[in-house]
Each structure stands twice: as C-alpha cells, then as structure tokens.
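Here the structure comes first, spelled out in structure tokens, and everything after it is commentary.
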Amino acid sequence: MSSLEIGSSCFNQETKLPLSPQLVEDSAFEPPGEDINEVEEKSKDIIKFTSEQLSVDEVSQLVISPLCGAISLFVGTTRNNFEGKKVISLEYEAYLPMAENEVRKICSDIRQKWPVKHIAVFHRLGLVPVSEASIIIAVSSAHRTACLEAVSYAIDTLKAKVPIWKKDLEAS
C-alpha cells in the first residue's frame with residue numbers, strides 16, 4: 001500500500017476535506033450566526049487561592065480565546081532541595097484579602113504594559129509536596145512576545161509584592 005493510500009484509508013467519507021473550492025467556502029465551516037473575526041470577547045482576570053491541587057490543563061483552558069495566537073504559562077513546583085537540604089514539601093500561607101488585591105493590581109499593571117486578553121493566577125496554599133505545582137500563571141494574547149513578557153513580569157512581581165509566606169519542610 002502506498003503512503004497516499006495509507007493516508008486516505010484513515011478517513012471515512014464523512015471526514016474527508018472537500019476538494020471543491022465552492023465547498024470550502026460553504027458557510028457550514030463558520031460558527032453559526034457569527035463571523036469568528038468579529039467576535040468580541042471581554043477580557044478576564046481569574047485569581048484563585050486554594051488548598052486543592054492545581055491543574056495546568058484547567059488553568060490554561062481558562063485563558064484560551066479565538067482572538068489569541070499565544071498562551072504562555074509559568075508553573076512553579078516544589079523541588080526536593082533548598083540550600084543543600086532535602087525538602088519533602090512546602091507550606092504556603094497568605095493574607096488573602098491583601099494577596100487577592102495585590103494580584104489584581106499585577107493584572108492591571110500587565111494590561112497597561114502589554115496587549116493581553118486573559119490572565120489567570122492560581123496559587124496553592126497549605127502543604128505542597130515535591131513535584132506538585134504551587135503556582136500557575138497563564139496569559140493569552142494575539143502574539144507571543146506580550147504573553148512571555150507578561151508572565152515573567154507576573155511571577156517576578158508576585159514574589160516581590162504579594163503577602164504569601166513559604167516554609168520549607170525538610171526531611172529529618
């Protein structure tokens with residue numbers, strides 16, 4: 001069997017792409033009732049502090065937009081060592097009213113500096129075992145540069161300004 005036959009045998013008649021230019025332009029390929037280029041979507045800042053395990057998939061899904069071609073993520077995880085000592089977990093505490101307010105300010109600063117669409121900042125509180133995420137920051141924008149710079153700014157500013165305290169729990 002040739003490679004062409006292998007490729008075409010993977011598709012049944014219902015999933016083959018149309019060959020006729022007339023069919024390609026058919027309105028069945030557009031979202032019903034709206035042109036995807038005209039969709040206006042309200043920007044979102046999603047902030048969450050939780051004792052639950054964080055999910056990279058969940059956070060990244062929150063910032064997806066048809067208007068954006070880039071999503072950048074920062075995932076901070078617990079490593080198994082700190083200054084030559086073995087770490088078994090980290091414990092995080094936060095003063096929530098102030099922490100949430102400071103993260104909102106960071107989101108506002110990001111929007112003034114870069115043309116981003118959605119921002120999600122999830123931070124775990126309580127015990128975070130080795131290899132699990134303690135923070136996930138996700139940003140979407142039309143282009144990658146804004147996303148990458150915004151995510152870097154977000155984590156650096158969060159670590160410097162947000163009242164979150166970390167304690168290393170070391171192996172004895």
Restricting to region 125-172, give me the number of residues that are among the aromatic types (Phe, Trp, Tyr) and either closer than 12 Å to Ile106 by Cβ or open to solvent by less than 80 Å² (accessible area, probe 1.4 Å) (or both). 1
Kindly provide the set of residues from region 124-148 that are in contact with a helix residue (DSSP H, G or I) (Cβ under 8 Å, 6 or more places away or on another chain) and not hydrophobic (A, V, I, L, M, F, W, C), ordered by number. Ser140, Ser141
With respect to Phe122, is the statement that it is buried (at least 22 other Cβ atoms within 10 Å of the Cβ) and at pLDDT 95 or above true? yes
Inspect region 138-149 for any residue being closer than 18 Å to Leu73 by Cβ, in a strand (DSSP E or B) and not small (Gly, Ala, Ser) and give the result as yes or no. yes
Go through region 77-100 and give me each residue that's open to solvent by 70 Å² or more (accessible area, probe 1.4 Å), more than 10 Å from Pro163 (Cα to Cα), within 24 Å of the chain's Cα centre (by Cα) and of a type outside the set (Val, Ile, Thr). Arg79
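In this structure, is Ile110 crowded, with 17+ Cβ neighbours inside 10 Å, in a strand (DSSP E or B) and at pLDDT 95 or above? Let's see the steps before the verdict.
Values: crowded, with 17+ Cβ neighbours inside 10 Å: yes; in a strand (DSSP E or B): no; at pLDDT 95 or above: yes.
Considered against the rule, which asks whether it is crowded, with 17+ Cβ neighbours inside 10 Å, in a strand (DSSP E or B) and at pLDDT 95 or above, Ile110 comes out as no.
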Scanning region 34-52 for residues that are outside any loop (DSSP other than H, G, I, E, B) and hydrophobic (A, V, I, L, M, F, W, C), the one modelled with the lowest pLDDT turns out to be Ile36
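The values are calculated or read from the model by the stated rules, or taken from the named source; none is laboratory data. The structure presented is a predicted model; accordingly, all values stated were derived computationally and were not measured. When we count neighbours, we look across all protein chains shown, and the Cβ atoms used for this are built from the backbone with ideal geometry, even at glycine. What goes into the accessible areas is simple: the full protein's heavy atoms, side chains included, and nothing from ligands, DNA or RNA. Shrake-Rupley method; radii C 1.70, N 1.55, O 1.52, S 1.80 Å.
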